[in-house]
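Undergrad: Below you'll find the structure I mean.
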Amino acid sequence: MLEKGKGKINEIVDNNTIYYNGKYRYYPTITDLMGILDEIISSNSTTDYIRITPFYINQQLEMSIEFEEFMFYIECREWFDDKVQEKHIIECLNVPDTPRTLNDLSLGGILYPLCKHNDVLAYQKALKKYKESLNELLPKMMEIAKLEMGLKEEHFPFGYFCFEIHSE
């Protein structure tokens, strides 16, 4: 059984990703993710962290691909400054066990933001920036999926993006 978190945001995530009395996890589509992010933004609260990992599934090919380099990870801390923020982003960008790396520091700032505990406005702003960035990220991920999975046009109707969401 999956353990449910405490707090408004954890409850939102759990209500949208866990089902059958906590036995199974649901991976939201892009449409579902947008609704979940809106719900989190309107909750006017923060949580220790949220991690959102995108992946693409193609049912016809029975294949999937995870995009760890485009993972969104927002963490709330008691304190940080610009140097700590930059070090955090660089550490998140330089993960040695991912097959693809992202070397874009400005995009890293969107995907790996830090905020202070209870700074609701900064938290909401980071989530909104991530939401907006998906308009640019999804086509990039689709190009990677086409290349790495060998997708052809006839495969497209059988594929979709999903997101694994964790919060604490």
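Undergrad: Could you list, in sequence order, the residues of region 46-71 that are hydrophobic (A, V, I, L, M, F, W, C) and touching a Lys or Arg at 6+ places or on another chain (Cβ under 7 Å)?
TA: Hit for region 46-71 is M71, nothing else.
Undergrad: Sticking with this structure for a sec: Only one of (1) in a loop (DSSP other than H, G, I, E, B); (2) closer than 25 Å to T47 by Cα is not met by L134, so which one is it?
TA: (1)
Undergrad: Please indicate, with yes or no, whether at least one residue in region 47-63 is buried (at least 17 other Cβ atoms within 10 Å of the Cβ) and modelled with pLDDT under 95.
TA: There is at least one residue in region 47-63 that is buried (at least 17 other Cβ atoms within 10 Å of the Cβ) and modelled with pLDDT under 95.
Undergrad: Then there is this: Of all residues in region 122-168, how many are under 23 Å from K6 (Cα atoms) and without any contact (Cβ under 8 Å) to a residue 24 or more places away in the chain?
TA: 2
Undergrad: Would you check which residues across region 13-29 are closer than 18 Å to F55 by Cα and assigned to a loop (DSSP other than H, G, I, E, B) and list them?
TA: Hits for region 13-29 are Y26, Y27, P28.
The values are calculated or read from the model by the stated rules, or taken from the named source; none is laboratory data. What you see is a predicted model; the values in this text were computed from it and never measured. Note that we place each Cβ from the backbone using ideal geometry, even for glycine, and neighbour counts take in every protein chain shown.
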